[in-house]
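The structure appears below as structure tokens.
The values are calculated or read from the model by the stated rules, or taken from the named source; none is laboratory data. Everything numeric in this text was worked out from a predicted model, so none of it was measured. For neighbour counting, all protein chains shown are included, and Cβ atoms are generated from backbone atoms with ideal geometry for every residue, glycine included. Just so you know, the surface numbers come from the protein's heavy atoms only, side chains and all, with ligands and any DNA or RNA stripped out. Shrake-Rupley method; radii C 1.70, N 1.55, O 1.52, S 1.80 Å.
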Amino acid sequence: DDNPVTLDQVAVDTETARLQAEYDSQEYARKRSAEYPSVDELVVALWEGVVEERMAAVTSLEAKRQAVKAKHPK
């Protein structure tokens, strides 16, 4: 054929398997990301903790993060 690139099917299959394994190994991270508190919640909690010296918001946010991490371990 006139295609200047010749594909080695074994190399393609090997790379496909490697990429799939890498993707699968990060499933916990995708699940965590979807359930973590939002950036807005983080900003509000940090503001309350640092500026207003009310650490309850920070403590609550960290409890939420830890619950998500426990639900979706590495």
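Figures for the structure shown
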| item | result |
| --- | --- |
| Qualifying residues in the stretch 1-34 (those that are β-branched (Val, Ile, Thr) and part of a helix (DSSP H, G or I)) - the one least open to solvent (accessible area, probe 1.4 Å) | VAL12 |
| In the stretch 42-74, the residues that are touching a helix residue (DSSP H, G or I) at 6+ places or on another chain (Cβ under 6 Å), in a loop (DSSP other than H, G, I, E, B) and not basic (Lys, Arg) | MET55, HIS72 |
| Search result, residues across the stretch 35-52 that are of a type outside the set (Asp, Glu) and either in contact (Cβ under 8 Å) with a residue 24 or more places away in the chain or open to solvent by 90 Å² or more (accessible area, probe 1.4 Å) (or both) | TYR36, PRO37, VAL39, TRP47, VAL50 |
